[in-house]
Amino acid sequence: MKSFENKVAAITGAASGMGRALAISLARRGCHLALSDVDADELAQTASLAGSAGRVAITTKRVDVSKRDQVYAWADETAREHSHLNLIFNNAGIAYASTIEGADYDKFEQIVGINFWGVVYGTKAFLPHLKASGDGHVVNISSIFGLVSCPGQGTYNATKFAVRGFTESLREELEMTHAPVSATCVHPGGIKTNIARTARLSVSLKDLGVRDVEESGKQFEKAFRMTAEDAAEVILRGVERNARRVLVGKDARMLDALQRLLPGSYQWIVERSAGRLLG
């Protein structure tokens, strides 16, 4: 997709963070927007900010991406309201820090429902509309934790590795069938959003040497360097060049290189680093 002007992009998780930044950056490029989130008040704020950034048509909808019927209804409604659809950014996500043994099943199912099934529903619901446009793109947000594992992040790893495999397979199928749609998997590193601040934290982290669970979350967040606005620009440039994979941030590039260089023994390095950081 060489240009976003007069295209229509749907974004999940648009009430804050990268979702909001993507909406504003796209509006500046003349792209019309369909925005969704579970937080209707903050979603309205995003719509206002995007509207100030560019003279584009903007619709909003409260959607829980873990609910298939809601995602499909939103996709069909968006296609009617905007007449066509070109992009879906499956961005909505949550974090849950816990050991595998100590993971609560309800929270595990919740993170899978949002981080993975939300991506599946968003992709499958919007794909027919993207094909109908003749120039479509699926952008699925994984994570650097979709490339490397990390102790205490097993549930998050599971969802983000799944998004990676799902998206890479989708890209291959789209190319094999000569569809007028492409797909990009995005792997952000530490981005200054509220995902760490709102992450669910399990007391089981103490089994990994964490003395103060809440304080460890704050320390982890301090390691984040890139702003959501800068991340959005990197993502959109990746879509413009039809990249299969987009690494966002120096930490993402570093850990990706580490995993490629030491595909087995990188885990020992991560263990040592995580022990110092969490402790």
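So the values come out like this:
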{"item": "In order through segment 122-130: 3J(HN,Hα) via Karplus (6.51 cos²θ - 1.76 cosθ + 1.60), integer Hz, x for Gly, Pro", "result": "x, 5, 6, 5, 8, 4, x, 6, 5"}
{"item": "Amide H partners (placed H, <5 Å) of ALA95, local residues excluded", "result": "ARG200"}
{"item": "Most fluctuating residue given options SER83, SER133, SER182, as computed from a GNM of the chain linking Cα atoms under 10 Å", "result": "SER83"}
{"item": "Given charges at Cβ of Lys, Arg, Asp, Glu: the chain dipole, positive-most of VAL210, LEU261, ALA179", "result": "LEU261"}
{"item": "Amide H within-cut-off set for MET226, under 5 Å, with H built and near neighbours excluded", "result": "LYS192"}
{"item": "Antiparallel %, DSSP beta bridges [both residues in the chain], to 5", "result": "0"}
{"item": "Structure-derived semi-axes √(5λ) of the Cα gyration tensor in Å - corresponding label in (1) 31, 20, 17; (2) 25, 24, 19; (3) 58, 20, 17", "result": "(1)"}
{"item": "Size of electric dipole in the chain: Cβ of Lys, Arg +1 and of Asp, Glu -1, about Cα centre, debye, nearest 20", "result": "720"}
{"item": "Of ASP230, ASP106, ASP39, the one that fluctuates the most in a GNM where the chain has Cα springs shorter than 10 Å", "result": "ASP106"}
{"item": "Segment 6-104: GluC sites (Glu not before Pro) in DSSP loop, at most 13 other beta carbons within 10 Å", "result": "GLU101"}
{"item": "Residue of ILE191, ILE100, ILE235 that the Gaussian network model of the chain assigns the largest fluctuation, springs spanning Cα pairs under 10 Å", "result": "ILE100"}
{"item": "Under-5 Å amide H pairs with ALA183, H placed in peptide plane, nonlocal only", "result": "VAL138"}
{"item": "Table column - 3J(HN,Hα) (Hz), segment 35-52, Karplus curve with 6.51, -1.76, 1.60, x for Gly and Pro", "result": "10, 9, 5, 8, 9, 5, 5, 5, 5, 5, 5, 4, 4, 5, 5, 5, x, 6"}
{"item": "Accessible surface of the chain, 1.4 Å probe, proportion on carbon and sulfur as whole %", "result": "51"}
{"item": "Most positive-pole-ward Cα, ALA228, ILE100, ALA44, against dipole of the chain from beta carbon charges", "result": "ALA228"}
{"item": "Sum of -39500 (n - 2.57) over DSSP H runs of 4+, divided by residues of the chain (222 nm, nearest 500)", "result": "-15500 deg cm²/dmol"}
{"item": "Å² per residue, accessible surface of the chain at 1.4 Å", "result": "47"}
{"item": "Computed over the chain: relative contact order in percent, which uses C-alpha pairs under 8 Å that are six or more apart", "result": "19"}
{"item": "Under Karplus coefficients 6.51, -1.76 and 1.60, residue-wise ³J(HN,Hα) of segment 3-18 in Hz, glycine/proline x", "result": "8, 9, 4, 6, 8, 10, 10, 9, 10, 8, x, 8, 6, 7, x, 5"}
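The values are calculated or read from the model by the stated rules, or taken from the named source; none is laboratory data. The structure presented is a predicted model; accordingly, all values stated were derived computationally and were not measured. Backbone-built Cβ (ideal geometry, glycine too); neighbour counts: all protein chains shown. These area figures cover heavy atoms from the full protein model, side chains too; ligands, DNA and RNA do not enter into them. Shrake-Rupley method; radii C 1.70, N 1.55, O 1.52, S 1.80 Å.
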